[in-house]
1. Find the helices (runs of 4 or more DSSP H) located wholly in segment 443-537 whose residues include 3 or more that are at pLDDT 70 or above, and list them.
2. Anything in segment 200-213 that is buried (at least 21 other Cβ atoms within 10 Å of the Cβ) and not in a loop (DSSP other than H, G, I, E, B)? List them, or say none.
3. Restrict the check to segment 313-321 and report whether at least one residue is in a loop (DSSP other than H, G, I, E, B) and either in the same structural domain as Ile284 (by TED's automatic domain parsing) or not basic (Lys, Arg) (or both).
4. Quick one: is Ala171 in a helix (DSSP H, G or I) and aliphatic (A, V, I, L, M)?
5. Taking segment 232-250 as the search range and keeping residues that are under 23 Å from Tyr87 (Cα atoms) and not in a loop (DSSP other than H, G, I, E, B), which one is farthest from the chain's Cα centre (by Cα)?
6. From the set of residues in segment 461-493 that are within 17 Å of Ala418 (Cα to Cα) and small (Gly, Ala, Ser), which is surrounded by the most Cβ atoms within 10 Å (Cβ to Cβ)?
7. Checking the condition out of contact with any helix residue (DSSP H, G or I) (no Cβ under 7 Å at 6 or more places or on another chain), in a helix (DSSP H, G or I), farther than 15 Å from Val11 by Cα and free of Cβ contacts under 8 Å to residues at least 24 places away in the same chain, which residue from Ala191, Ala183 passes?
8. Looking at the structure I just gave you, is Val226 crowded, with 22+ Cβ neighbours inside 10 Å, over 17 Å from Ala332 (Cα atoms) and not acidic (Asp, Glu)?
Amino acid sequence: MSTVREATYGVLRDLGMNKIFGNPGSSELPFLKDMPSDFDYILALHERSAAGMALGYAMATGEAAFVNLHSIASAGNGLSAIIDALYCHAPLVITTGQQDRRQILGEPFLVSRAVEVVKPYVKWACEPLRAEDVPAAIARGYHLAMLPPRGPVFISIPMDDWNKPCAPMIARKVTQTVLADPAALDEVVRAIDAGRNLAIIAGSQIEEDRAWHDVIALAERLNADVFSEPIASRCAFPRSHRLFRGGLFPAQKPLADQLAGYDTVVVLGAPVFLYYAYVPGNAIAPGTKLFQVTNSPQDASAALAGTSIVGNIAAAARYIGSRVKPVERVIAARATVPDPKPEHPMTPGYVFSVLNKLLPHDAIISEECPSSKGDLDRHIMLDEPGSFYSVRTGILGFGMPTAVGLQLAHPHRRVICAVGDGSAQYSIQALWSAVQCKAPVIFLVICNGNYSALKGFRDFTKVGKNVPGSDIPGIDAVKIAQGYGMTARGVDRAEDLEPALKCAFASNEPCLITVKVSEGGQTTMGMDQSVNPPNYG
């Protein structure tokens, strides 16, 4: 016989979860004492950052990450990252401490009801009935987290469980690939062959299912126009590809208008559709055949139009590609996006155009600058898989800890976190973890001194100018970063931007650069009031 603690470390080892992302408290000490030497503890100063780093690590590796948080605080401080993990389909196994079983009935200090709090935002939540069930619960949680659509699970563990006797266990294997119905895919093939003008919508699940090359091959066989899903959280198709046509609008009528010229639309790995601003209209133009292939039953059931097919995106793309007739057509040249001019203050578009010229080909962007997202989409050309991650929920605090997790997962690729000065404050503690982990993230803070995206939506919805809480003066991110031990500098003039970025790329240490930009900003995540698409063609 071993102990629950020893059996748990054995299960974690078998499942490949040797990194522990956490922020510990008294309830977790019995688990963390004498941690085995083959485990790494990645410390964050806040639960939001701990779960956020694990989120980035899990998305980058495609494997579940283990998170250890403190008691009921995890349900509050870490909940936003847990929600992000659910909507990003990031497999997290989240454990928290619970009070000693022997006194829970008496409502002691730090008693936790976190299981009930997090249930709507995880795939499974439990507090094992017996101490000896803890290792098996973690193994079950791992398999649930990894099954499509992937996501977080939550296990609350009483602090006196860890030293109880428990038989060792070996984690078993559970296969994860779910294949789509071939008869339903044959219907897609027939529609494509019968149609004259096809559009493919590329969604984040293409990356989740490692379907990048399969989708490119399908698009090229059909010479189809390819759009990214609205408010894209992943880069699911190379942006400089001759078939790429940019992003879809996050509103019904504008989106339907974008796709009105196509008789067949195939959505691969995305909801139908993700909307933000309410602009009433049809989900798709009348007469257009719409098909959705998704690994998420939730997305399939929530679609407002079309035929939905649940299954693995890579396998479905290969199946369709092997059966459709190839299409030959002349591809119109895409309109080029002119380089913005250097101005004072700089525009976000200018900042991203300079950054794009300096990016390594395999760079990774962690983005959380809502008011500048359209500018980033226009000017940053990302052509490698696993190169772009953005907040899926609209909850601020995603970008900085995710960037640290991405860098830990990909030590030989360079991660750049493009973040707004307002967004940065929601998880600013991640800078400390980057320094301590020697994760050479470049934090590029876009400073306009206000919640510009909020102002843009205010104007779009015509609620009037008299709305408080939109300006955030007096923040010095450079001094904050330096206080955490990070090299940092501010850039106010265009001529200083490129030298600052070159210096950052030449360093092997994390750094922060603030860039002062004009206020401006997009209105609805890249959609302006004139409804001109933020794309390239």
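1. On the way: elements: 452-460, 477-483, 494-506.
Of the helices (runs of 4 or more DSSP H) lying wholly inside segment 443-537, those with at least 3 residues that are at pLDDT 70 or above span 477-483, 494-506.
2. Ile200, Ile201, Ala202, Gln205, Ile206, Glu207, Glu208, Trp212
3. No, that holds for no residue.
4. no
5. Only one residue fits best here, namely Gly246.
6. In this case the residue turns out to be Ala481.
7. Ala183
8. Numbers: crowded, with 22+ Cβ neighbours inside 10 Å: yes; over 17 Å from Ala332 (Cα atoms): no; not acidic (Asp, Glu): yes.
Spelling it out, it is not the case that Val226 is crowded, with 22+ Cβ neighbours inside 10 Å, over 17 Å from Ala332 (Cα atoms) and not acidic (Asp, Glu).
The values are calculated or read from the model by the stated rules, or taken from the named source; none is laboratory data. These figures come from a predicted structure and were not determined experimentally. Cβ coordinates were reconstructed from backbone atoms using ideal geometry, including for glycine residues, and neighbour counts include every protein chain displayed.
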